[in-house]
Each structure stands twice: as structure tokens, then as C-alpha cells.
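K.L.:
Handing you this structure, nothing more for now.
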Amino acid sequence: MSAASLDKVRAIADAVLYEGYLLYPYRASSSKNQSRWQFGVLGPPIASAASYGEDPAMSVQCLLEPGAGIGSVTVHLRFLQLQTRVVEQRTDVGFRPVAELVVDGRSLLSWDEAIECEIELPAYKLASASLAAGSATVTTVDVPGGEDIETVVDASGAVAGRIVRRRAALRADVSIGAEPDGGLVRLLVEVTNTHPDPADGKDSAIRLSLIGTHVLIVAEGAGFVSLLEPPDEAAAAVELCRQRRAYPVLVGERGSTDIVLGSPIILYDYPEIAEQSAGALFDSTEIDEILTLRVMTMTEAEKAEARATDPRAAAIIDRCDQMSPESLRDLHGVLRDPHRPGGEVPWWDPASDEGFQPDTDSVVIDGVSVSKGSLVRVHPSRRADAQDLFFAEQVARVTAVLSDVDGDTHVAVVLVDDPAADMHEWYGRYFYFGPEELEPLDQAREESRS
């Protein structure tokens, strides 16, 4: 595959890598950021109970359709290596670690950062002989530790302190094996933290962990089968696949089958980063627009602390501060209609979508076309909420027929006998039912009765 294609896939993988890295309000003092590294943590195998160390292993099983020749797969192991950042103040007798050092009005904080690691393993060939033997290859990955020292000087050029960054060495084994399953090949990729040193305490354990661990598996001369939407002939083989703390999904251009992402976060096939997203926010439980607005309302003191906490947090604060009104408007999102090829309209302005006409759209119920103004009798389903059940057998007037982004139809109604019906309709406060919950009525007959 091309380097450009792999780079596009890495953008998705990076979102997995940094998910939860630092949460809004991006400050070290925030209680939300006192417990970090939520996803894909492979803890050291020798850890005391007090360390609260994570499971040291993760694994995924995938299915491949082999090509005519001998295919192969290449595994890219990706994770974060923790790096402690200790701020030290200069004293008469040397340097002393401090939680914060202020130099010329600029705050420097002690904090835990992270270094990106990506290791490309040797290609694993899907040869007939190795498949028959069910053989696996194990590759040991060693990531060196290190220490970097950055001197901090004030405006006069005098040394005020220093920043010491330390990383512990890491070690892991990656096992790759395959076996035939009918006309398919079942591939197993397992990653295990094999650090030899014991960890005693939470801080020690996380320093010896692989963080945000995931794998990109690239196939040559073979294609992966979707485990989420497999073809009928592969359904039985999919049921036999076992996953441990990760799940493989297809990534890349929609319809391509040459790359799988084994992710510790639940994803769907062919995940995408929204075009409207201006950059990573590390907090995908939030909506970009809301989170950006929150950042923009932070005080200058709060922003200064966030910038001092982490360079990546500083980049988020700066990006939000510099966002133009046009860029902010773009964050508002779009409505994507799966039944309208290539159709995208601003979701906040449905009137601009020619395919969306609630005043005239209709739905056929029991052979009768129902649209705005039609009378129906309500038969709530057994799964309806308590309020809807109170409307059973009542007559309602249809105010609109709507479709959601999944293609499902919803009918908005007001109750005919509700004294506040006109007010509800004026405010646009309707009750919504599925077509199967409604019975069309003879409008002329019902109106003569009333």
C-alpha cells in the first residue's frame, strides 16, 4: 500500500493513541487529570497488588481471504512510553525538585508526558506449510529508557532551574500466528508486556507499561474479512474469533480490505475523523463544538496553567483562541443522509435539504398514505414509555413525517382532544410514534363525529 494511505490510517490510530491523554480543562490541578492513561494499558507482569497494574496482554483474531500467491501481513505495534517531567529549581547547593517553577512570569510544572512509539515487525508470510503447522513467530521489542536535561534561564541569562525528563526502558513480545479455517486464514496477533523488573506502587507500574497500545496490520496478497458485517459464508468462522482487550476493524478507504486496526476502543469499520474537526481534543466523549466553546470561556489564569501542564494542551488552547468565526461555525456539523448519495446539508438548517420536506412527506400505513393533517389512532408498542401508554386508543393529528439519519421514519402528532394541542403545535412540541404504532382513520368520518 502507499505511504499516503498508511498516513491517513495513522490519523485514525493517533486518535486512539491519545484518547484520554489529557481531559478538559487540560490542567494538572483538575481532578479529572489525576488518574490518566485509561485505554490500551499493558501493565508489567510482575506488579504488587498495591500497584493496580493492568493486564499485561492484549490480542486480536482476524480473518483473511488469501490471494492466488503467498501473501503476508506486517504488524505495526504502536503505543505511548511514559516520560516523567520533573521541574528543578536552582539553589546554592545544586537543583531541588519542585512542583512549579515560575520564571519571568512563565509557569513550569512537573508532569507526566508521553513519547510516541511505533515498531514495524518483520513480515509474516502466510505460507501453506506454516499454516498447516499452526506455527507462530515471536518478536521481542525493546524500547530504551533515557534521560534528557533542559536548562531554564531567565531574561538576564541566569540559570533559574532545569527540566529533567526520564523514561524507563520497556520490553514486549509480539506473537503472530495463523491457521486455516476452510477457505479462510485465521490470524492471531498477541502483544504481551514482558518487563523483567517488579513494580511496587501505581506510579512504578505505569512507568513500566505500554500505554494506548494498538496494532495496525497490513496485508499483502490477501484481504481481511469484516468481523462486524461478514459475508454469509464467513459467519461461522467469525463466531470462532476471540478478542482480548482489543477489537479489529477495517480501516482506510471504504471498501478496501488491506488494513485492520486492532483497537482498545470500540470502533466501527472504516472510522473517519470528521472534516469539521480542527484538531485533536483528546476527549471524544465531548462534542468538538461544545468543548471548543468551553476552552474559549476559560480565564487567562486557567489557560496559563493548561499551557504549563503539557505542550499538547498548550496547542489546544492556542488553536481555540485563534479560531475564526467561520471555523467555529463549521464545527456545528452536517446531516448525512445514508439514502442520499453524496448528500450533505447543514443539520441545523434542514430546509436547505431538498430531500427533507416534513410538510409534504408521507408514509404508507396499512395501504393508506399518511401525511401532515391526517388523522390516526395511537396504539403504542409494549416497549413505549409510560407517557406514551397514556395515549393508547386516542385520536391524533399528524403534523409531520420525518426520517432520521439511519433511515427510520417517525410520525409527529398532536392529540385531537388535548386542550393545549394548538399551543403544542405552535411551539413545535410533538409526540413521536413509529408508523407501526398508528392506525389511519377516515378523516371525514372522524371530523363529522367531532
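K.L.:
Search the range 391-415 for residues being in contact with a His (Cβ under 6 Å, 6 or more places away or on another chain) and open to solvent by 10 Å² or more (accessible area, probe 1.4 Å), and hand back the single one that is nearest to residue 438 (Cα to Cα).
P.N.:
402
K.L.:
From the list 390, 431, which residue is modelled with pLDDT of 80 or more and farther than 30 Å from residue 254 by Cβ?
P.N.:
Result of the check over 390, 431: 431.
K.L.:
Is it the case that the range 57-70 has a residue that's buried (at least 16 other Cβ atoms within 10 Å of the Cβ), out of contact with any Phe, Trp or Tyr (no Cβ under 9 Å at 6 or more places or on another chain), of a type in the set (A, V, I, L, M) and in contact (Cβ under 8 Å) with a residue 40 or more places away in the chain?
P.N.:
Yes, there is a match, as at least one residue in the range 57-70 is buried (at least 16 other Cβ atoms within 10 Å of the Cβ), out of contact with any Phe, Trp or Tyr (no Cβ under 9 Å at 6 or more places or on another chain), of a type in the set (A, V, I, L, M) and in contact (Cβ under 8 Å) with a residue 40 or more places away in the chain.
K.L.:
List every residue pair whose Cβ atoms sit under 6 Å apart, with the two residues 6 or more apart in sequence or on different chains, where the first one lies in the range 241-263 and is without any contact (Cβ under 8 Å) to a residue 24 or more places away in the chain and the second, anywhere, is assigned to a loop (DSSP other than H, G, I, E, B) and not hydroxyl-bearing (Ser, Thr, Tyr).
P.N.:
Partner pairs satisfying both residue conditions: 249/267; 249/269.
K.L.:
I need the full set of residues from the range 398-409 which are at pLDDT 90 or above and either touching a Leu at 6+ places or on another chain (Cβ under 8 Å) or assigned to a helix (DSSP H, G or I) (or both), in order please.
P.N.:
If the condition is that a residue be at pLDDT 90 or above and either touching a Leu at 6+ places or on another chain (Cβ under 8 Å) or assigned to a helix (DSSP H, G or I) (or both), then 398 is the only one that fits.
K.L.:
Hey, among the residues in the range 392-419 that are of a type in the set (Asp, Glu) and free of Cβ contacts under 8 Å to residues at least 60 places away in the same chain, which one's nearest to residue 364 (Cα to Cα)?
P.N.:
By that ranking, first place goes to 408.
K.L.:
Of the conditions (1) surrounded by fewer than 19 Cβ atoms within 10 Å (Cβ to Cβ); (2) in a loop (DSSP other than H, G, I, E, B), residue 298 clears all except one; give me its number.
P.N.:
Only one criterion is unmet by residue 298, namely (1).
K.L.:
Among the residues of the range 176-211, how many are in contact (Cβ under 8 Å) with a residue 40 or more places away in the chain and either within 29 Å of the chain's Cα centre (by Cα) or open to solvent by less than 10 Å² (accessible area, probe 1.4 Å) (or both)?
P.N.:
Within the range 176-211, residues that are in contact (Cβ under 8 Å) with a residue 40 or more places away in the chain and either within 29 Å of the chain's Cα centre (by Cα) or open to solvent by less than 10 Å² (accessible area, probe 1.4 Å) (or both) number 24.
K.L.:
Now for a separate question. Regarding residue 291, is this residue within 16 Å of the chain's Cα centre (by Cα), modelled with pLDDT under 85, buried (at least 18 other Cβ atoms within 10 Å of the Cβ) and not in a loop (DSSP other than H, G, I, E, B)?
P.N.:
Spelling it out, residue 291 is indeed within 16 Å of the chain's Cα centre (by Cα), modelled with pLDDT under 85, buried (at least 18 other Cβ atoms within 10 Å of the Cβ) and not in a loop (DSSP other than H, G, I, E, B).
K.L.:
Further question: In the range 235-284, what residues are outside any strand (DSSP E or B), of a type in the set (Val, Ile, Thr) and at pLDDT 90 or above?
P.N.:
238, 251, 257, 265
K.L.:
Quick one: which of 206, 217, 211 is touching a Leu at 6+ places or on another chain (Cβ under 9 Å), of a type outside the set (Ser, Thr, Tyr) and not in a strand (DSSP E or B)?
P.N.:
Going through 206, 217, 211 in turn, just one is touching a Leu at 6+ places or on another chain (Cβ under 9 Å), of a type outside the set (Ser, Thr, Tyr) and not in a strand (DSSP E or B): 206.
K.L.:
Right, something else. Any chance the range 120-137 includes a residue that's open to solvent by less than 40 Å² (accessible area, probe 1.4 Å), in contact with a Ser or Thr (Cβ under 7 Å, 6 or more places away or on another chain), modelled with pLDDT under 95 and hydrophobic (A, V, I, L, M, F, W, C)?
P.N.:
Yes: one or more hits.
K.L.:
Could you check how many residues of the range 296-341 are modelled with pLDDT of 80 or more and charged (D, E, K, R)?
P.N.:
10
K.L.:
Restricting attention to the range 434-449, and to residues there that are part of a helix (DSSP H, G or I) and at pLDDT 80 or above, which single residue is surrounded by the fewest Cβ atoms within 10 Å (Cβ to Cβ)?
P.N.:
Among those that are part of a helix (DSSP H, G or I) and at pLDDT 80 or above, it is 436.
K.L.:
Look at the range 224-257 and say how many of its residues are open to solvent by 40 Å² or more (accessible area, probe 1.4 Å) and either hydroxyl-bearing (Ser, Thr, Tyr) or in contact with a Phe, Trp or Tyr (Cβ under 7 Å, 6 or more places away or on another chain) (or both).
P.N.:
4
K.L.:
Is at least one residue of the range 30-42 surrounded by 15 or more Cβ atoms within 10 Å (Cβ to Cβ), assigned to a strand (DSSP E or B) and within 21 Å of the chain's Cα centre (by Cα)?
P.N.:
Checked the range 30-42: at least one residue is surrounded by 15 or more Cβ atoms within 10 Å (Cβ to Cβ), assigned to a strand (DSSP E or B) and within 21 Å of the chain's Cα centre (by Cα).
K.L.:
Follow-up question, since we're still on this one. Can you say whether residue 62 is closer than 16 Å to residue 179 by Cα and in a strand (DSSP E or B), as far as the supplied structure shows?
P.N.:
yes
K.L.:
With respect to the numbered conditions (1) out of contact with any strand residue (DSSP E or B) (no Cβ under 6 Å at 6 or more places or on another chain); (2) open to solvent by 10 Å² or more (accessible area, probe 1.4 Å); (3) more than 24 Å from residue 308 (Cα to Cα), which one is the sole condition not fulfilled by residue 53?
P.N.:
Just one mismatch for residue 53, condition (1).
The values are calculated or read from the model by the stated rules, or taken from the named source; none is laboratory data. Note that the coordinates shown come from a computational prediction; the quantities given were computed from them, not determined experimentally. All Cβ positions, even for glycine, are placed from backbone atoms using ideal geometry, and neighbour counts span all protein chains on display. Calculation scope for accessible area: heavy atoms of the full protein, side chains included, ligands and nucleic acids excluded. Shrake-Rupley method; radii C 1.70, N 1.55, O 1.52, S 1.80 Å.
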